[in-house]
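K.L.:
One structure coming up, written as structure tokens, with questions to follow.
The values are calculated or read from the model by the stated rules, or taken from the named source; none is laboratory data. All of these numbers come straight from a predicted model, not from anything done at the bench. FYI the Cβ positions are ideal-geometry reconstructions off the backbone, even for glycines, and counts take in every protein chain you see. Keep in mind that these areas ignore ligands, DNA and RNA; they rest on the heavy atoms of the full protein, side chains included. Shrake-Rupley method; radii C 1.70, N 1.55, O 1.52, S 1.80 Å.
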Amino acid sequence: MKHSKRLFLILAVCVLAGVNPLYAQGYETPPKEVADLILAPATPSISFSSVKDRFLIVHRDNIPSIADLAQEELRLAGTRVLAATNGPKNNNKIVGMEMKALPGKKGIAEGPVTGFPEDVSIITYSWSPDGKKIVAAVEEEDGIRLWLVNTDNLQAARLSDRKLNMFFGMGSYRWAPDSQSLLALFVPEDRGPQPVENVREVAPVIQESDGRKNPVRTYQDLLSDEFTERQFDYYATSALGFIDVSSGEVRMLGKEGIFTGTSFSPDGRYLMVTSLHRPYSYVVTHSNFPKLIEIWDMEGNLVKELNRTPLREFVYAGVNSASPHLRSLAWRPDKPAAVYWIEPLDGGNGRTKVAYRDRLMCLEAPFDSQAEELYKSVKRMGRILWGDATNAFITEYDRSVRQNVCYHYNPQEKKTVGVLYDVHTEDLYGAPGNLITSENALGRNVVYSPDNYKTVYFSGPGNSPRGAYPFIDVHTLATGKKQRIWQAQDPYYETPTAYLDLAAGTFIARRESNTQAPNYYLVQLRKSKRAEQGARFTQLTSFADPYPSMQGVTKEVVQYTRADGVQLSGTLYLPAGYKKEDGPLPAFIWAYPTEYKSSANAGQRSDAPNQFTRYTRTSPIMWVALGYAVLNNASFPIIGEGDKEPNDTYVEQLVANAQAAVDVLVDMGVADKNRIAVGGHSYGAFMTANLLANCDLFAAGIARSGAYNRTLTPFGFQNETRTFWEAPEVYLDMSPFMHAHKLKTPILLIHGQADNNSGTFTMQSERLFSALKGNGGIARLVLLPYESHGYAAKESLLHQAWETWVWMEKYVKNRED
């Protein structure tokens, strides 16, 4: 009760002072129990060298200050970049590295990496192909530069004074296959001063429609005029060059351009270079700008123009539609220098009836002949996983019936060997997992097989009626026989993270439990033993529990049934020391709706009952620390079987899901039916507003970063592919903005002022708040400065928690009936 007393004092003081007690002045902090969870240090991660003899422990600081977020940021063509560094804001910066050898490996330097600046801010890093070097992109005051870590003595030193151009993110540098040099995108040294907007150059902004249908979804951060086009040219343009890692010497290729990607051929003789060109667009992001993909030699000379695509300002409707142009252009990992791509045979229009939708093409060095057709797909082609010259694995999908098929294919003889799997994508229990890959002699990832593709290996989450228990399977390709060689066992949740030698039964796993924080282990399977009979685990790391104050909190997977028979579930958290005889608690239900075509699949579990509880910085689970029962990830399926679309009965199913969740908590005796809140983020916020407008099950709602008026996303949203004009009643009925006059339950709206997510413009929350206020609703709108779709700054995280605490204490825990 101490927190209720504190809140009472806050309210009393505010009332005496004549201040609205629910309107904070400046940033506030929630009670210590919650603040400690938000400010808990990030658990380190690990990264293995390519030869799997050592690993790096990576320490991060992922809670920047509001001053960090307030740095001048440009928003150009769907990308956000700092003017000062020509790179992204580093909200998840690496602040330290530590090297460790795997057990049994000799002659490897161990300990912390030194030599970096004292307050280093590393954006990203990369191991060399030979596993003996590490390069890091370090954010400095005036730009981003590459630093090299010598793994022999664990010393870091700046590799070059040249500044990286990280406008397009993490792909701004690549290791050469021989590990002796790096290909990097540099900021041009002579690019001059940044563009300045001149009032004398201001002109009307004009766009045209030529009569063709150009349906596109709503995007943020688009170019808007001639000035932003010049800014895009200035910051996105790079100079391409090599850095010798021994000397730091830079050799430029003599070309500048707006390069979005580069890659080496496996043999290191060629480069694939992707660049963007005018004309630009004010309605789509840079990924749809005119694109040129070329092959160069190591001197920067053009060898082959692979593909040139025009500006694309439209998308075909239909769940099986794709780009009308070539896609997935990449180097074949099983050949020294061969390029492959997928070419649509239906123009990318999934509604067109054709015998074949796509074909797989390949072109080998010296790239002076016609491309070879390797395969034609009946359905839309998905991923191609290569093995060797005679083994590849090609997926096809049909989203209209949720089908995913993987074929074992011989590219040399151009014939299908067999079907590896044919699954319903919603069937979690029948999912085969993912094919395991490993590096081949060319240093590229291919499907792992220790016996020339007699067998291949899969790993997956292992979803089942008991929950998730990750596994490793071996498949015999000739017979289709599948054998489980390992699976996580109670009381642990164990996830494979790196594969050393599966033929010998060795891999790395992250192990955790309800009471044990995650750590990494070397796993050795016991020979001639079944999977359930265990393995030998050797601990590699000793990361501490970041939430010691939450020991004793109980977790339970609750299964229950919707009125129409659909099986549902959620994970229930109860305060430490709570007993049901203590009486019902105020409760908080947190959810995110998901569409299904099958009611049977909608009821399948994906939770991991043995997983360690993570109180992430915006997690609803943290409210268990203040005496709430929390039902997290409550099932909210929206089902449309047969010819029906899920959203045709969205509201009715939403309410039915909520009713079932409320009923089970009340029937269990853990929740007071008059003191239950509901909340969600993004599409979960949309759900929350809809529930409060269409039922009276809840005392209050918390809606973060949502969209509430679907007429503002008229060309589709989430998994809805129909446009507003094709299904206006669906868009209107699903929009809580249209029902604002019915929304009388108190709702807290929180939104980042710099939301970058497609469709969830900050205006969505502002307009809903105005509608609620105009109709006499009880609402509060909190806009967080500089925050995007997710919240990052320490001040913002603490404040949104304070807002939630105050709202829940007033309208839920201490609700006046």
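K.L.:
How many nm is it between the label spots at GLU364 and LEU345, if each spot is 7 Å from the Cα in line with the beta carbon?
P.N.:
Computed distance between label sites GLU364 and LEU345 equals 2.3 nm.
K.L.:
So what's the net charge close to MET99: Lys and Arg +1, Asp and Glu -1, counting the other residues with Cβ under 9 Å from its Cβ?
P.N.:
0
K.L.:
Something else now. Tell me the GluC sites (Glu not before Pro) within region 380-484 that lie in a loop according to DSSP and have at most 11 other beta-carbon atoms within 10 Å.
P.N.:
Here the sparse-neighbourhood loop sites are GLU413.
K.L.:
With a 1.4 Å probe and all protein chains left in place, how much accessible area per residue does region 508-657 have, in Å²?
P.N.:
43
K.L.:
OK, next. Compute the Cα gyration tensor for region 231-375, then decide on rounded, prolate or oblate, letting a ≥ b ≥ c be the square roots of its eigenvalues: rounded whenever a/c is under 1.5, prolate when a/b is larger than b/c in the other cases, and oblate in all that remain.
P.N.:
In terms of gyration-tensor shape, oblate.
K.L.:
How much length is gained on full extension from ASN757 to LYS527, taking 0.36 nm per residue of separation minus their Cα-Cα distance?
P.N.:
77.8 nm
K.L.:
While we're on this one: Could you give each residue of region 31-44 its phi-based ³J(HN,Hα) in whole Hz, using Karplus coefficients 6.51, -1.76, 1.60 with θ = phi - 60°, and x for Gly or Pro?
P.N.:
x, 4, 4, 7, 4, 5, 5, 5, 8, 4, x, 5, 6, x
K.L.:
Under 1.5 on a/c is rounded, so check that first for region 569-617, then, if it is not, pick prolate when a/b is larger than b/c and oblate when it is not; a ≥ b ≥ c are the square roots of the alpha carbon gyration tensor eigenvalues.
P.N.:
In terms of gyration-tensor shape, prolate.
K.L.:
Given a 1.4 Å probe, how much area per residue of region 437-489 is accessible, in Å²?
P.N.:
In whole numbers, region 437-489 has 47 Å² accessible per residue.
K.L.:
Please report the relative contact order for region 513-634, taking Cα pairs under 8 Å with a sequence separation of at least 6, and give it as a percent rounded to a whole number.
P.N.:
Rounded, it is 29 percent for region 513-634.
K.L.:
7 Å from Cα along Cα→Cβ at both GLU729 and GLU299: what's the point-to-point distance in nm?
P.N.:
In this crude spin-label approximation the distance works out to 7.0 nm.
K.L.:
Still on this structure, I have one more. Rounded if a/c is under 1.5, else prolate if a/b is larger than b/c, else oblate: which is region 406-448, with a ≥ b ≥ c the root eigenvalues of its Cα gyration tensor?
P.N.:
oblate
K.L.:
Rounded to whole Å, give me the distance from the Cα center of region 422-499 to that of region 545-624.
P.N.:
Centre-to-centre distance over Cα atoms comes out at 28 Å.
K.L.:
Mind listing the phi-derived Karplus ³J(HN,Hα) values for region 370-385, rounded to whole Hz, using 6.51, -1.76 and 1.60 with θ = phi - 60°, and x for any glycine or proline?
P.N.:
Each residue's phi maps through the Karplus curve to give 6, 5, 9, 7, 9, 7, 10, 10, 6, 9, 5, 7, x, 8, 10, 10 Hz.
K.L.:
What length, rounded to one decimal in nm, is gained on full extension from ALA600 through to GLU816, with 0.36 nm per residue of separation minus their alpha-carbon distance?
P.N.:
Working it through step by step, the gained length comes to 73.7 nm.
K.L.:
Put +1 on the Cβ of every Lys and Arg and -1 on every Asp and Glu Cβ in the chain; which of VAL58, GLY26, VAL273 then has its Cα farthest towards the positive end of the dipole?
P.N.:
VAL58
K.L.:
If you average the C-alpha positions of region 120-151 and of region 384-399 separately, how far apart do those two centres end up, in angstrom?
P.N.:
If you average the Cα positions of each part, the centres end up 34 Å apart.
K.L.:
Would you mind calculating the relative contact order of region 402-478 from Cα pairs under 8 angstrom and at least 6 residues apart, reporting the percent as a whole number?
P.N.:
Computed over region 402-478, the figure is 21 percent.
K.L.:
What residue among THR762, ALA793, LEU781 has its Cα farthest toward the positive end of the dipole of region 752-817, where the charges are +1 on Lys, Arg and -1 on Asp, Glu, each on the Cβ?
P.N.:
It is LEU781.
K.L.:
Work out which helices of the chain, taken as complete DSSP H runs, extend at least 24 Å along their axis over the Cα atoms and score a mean Kyte-Doolittle of -0.5 or more, then list them.
P.N.:
650-667
K.L.:
Leaving ligands, DNA and RNA out of it, rank ASP672, ASP119 by accessible area with a 1.4 Å probe, largest first.
P.N.:
Result of the area sort, largest leading: ASP119, ASP672.
K.L.:
Right, next: Please list 3J(HN,Hα) in residue order for region 786-791, calculated via the Karplus relation 6.51 cos²θ - 1.76 cosθ + 1.60 where θ = phi - 60°; whole Hz, with x for glycine and proline.
P.N.:
6, 8, 8, 5, x, 9
K.L.:
May I ask for the distance between the Cα centers of region 297-331 and region 236-274, given as a whole number of Å?
P.N.:
With region 297-331 and region 236-274 each reduced to a Cα centre, they are spaced 20 Å.
K.L.:
By accessible area of protein heavy atoms, probe 1.4 Å, what ranking do ARG251, ARG704, ARG466, ARG510 get, highest first?
P.N.:
Most to least solvent-accessible, the answer reads ARG466, ARG251, ARG510, ARG704.
K.L.:
Here's another thing I want to ask about it. List the relative contact order of region 339-457 as a percent without decimals, with contacts defined as Cα pairs under 8 Å and 6+ residues apart.
P.N.:
Relative contact order for region 339-457 comes out at 14 percent.
K.L.:
What nm distance separates the two modelled labels at ASP233 and ARG269, each placed 7 Å from Cα along Cα→Cβ?
P.N.:
Spacing of the two 7 Å Cα→Cβ label points: 3.8 nm.
K.L.:
Please state the charge dipole magnitude for the chain, taken about the Cα centre, from unit charges on C-beta atoms (+1 on K and R, -1 on D and E), reported in debye and rounded to the nearest 20.
P.N.:
Rounded to the nearest 20 debye, it is 1660 debye.
K.L.:
Using a Förster distance of 35 angstrom, determine the FRET efficiency expected from the C-beta separation of VAL51 and ALA157, and round it to 0.05.
P.N.:
0.95
K.L.:
Could you tell me which of THR455, ILE122, GLY111 has its Cα farthest along the dipole of the chain towards the positive end, charges placed at Cβ (Lys, Arg +1; Asp, Glu -1), taken about the Cα centre?
P.N.:
Of THR455, ILE122, GLY111, it is THR455.
K.L.:
Report in % the part of the accessible area of the chain that belongs to carbon and sulfur, leaving out ligands and nucleic acids; probe 1.4 Å.
P.N.:
The value for the chain is 48 percent carbon and sulfur by accessible area.
K.L.:
Hey, with R₀ at 30 Å, roughly what FRET efficiency would ASN514 and SER328 work out to, going by the Cβ-Cβ distance, to 0.05?
P.N.:
The formula returns an efficiency of 0.15 here.
K.L.:
Further question on the same structure: Between LEU311 and ARG383, what length in nm is gained on full extension when 0.36 nm per residue of separation is reduced by their alpha carbon distance?
P.N.:
Once the chain is fully extended between LEU311 and ARG383, it gains 23.4 nm.
K.L.:
Along its principal axes, what span do the Cα atoms of the chain show, with the longest given first and each in whole Å?
P.N.:
Over the chain, Cα extents along the principal axes are 80, 79, 62 Å.
K.L.:
What GluC sites (Glu not before Pro) does region 114-199 have in DSSP loop regions with at most 13 other beta carbons within 10 Å?
P.N.:
GLU118, GLU141, GLU189, GLU197
K.L.:
Quote the accessible area belonging to GLU28 in square angstrom, nearest 10, computed with a 1.4 Å probe and with ligands, DNA and RNA left uncounted.
P.N.:
60
K.L.:
Express the accessible area of region 310-397 per residue in Å², computed with a 1.4 Å probe while the remaining protein chains stay in the model.
P.N.:
On a per-residue basis, region 310-397 sits at 40 Å².
K.L.:
Rounded to the nearest 5, what is the percent of antiparallel bridges among the DSSP beta bridges in the chain?
P.N.:
85
K.L.:
So if we plug the beta-carbon distance of ASN719 and SER287 into 1/(1 + (r/R0)^6) with R0 = 25 Å, what FRET efficiency do we get, rounded to 0.05?
P.N.:
0.75
K.L.:
What GluC sites (Glu not before Pro) does region 691-793 have in DSSP loop regions with at most 16 other beta carbons within 10 Å?
P.N.:
GLU726
K.L.:
So what is the calculated 222 nm ellipticity per residue for the chain, using -39500 (n - 2.57) for each DSSP H run with n of 4 or more, over all residues, to the nearest 500 deg cm²/dmol?
P.N.:
Result for the chain, helices only: -4000 deg cm²/dmol.
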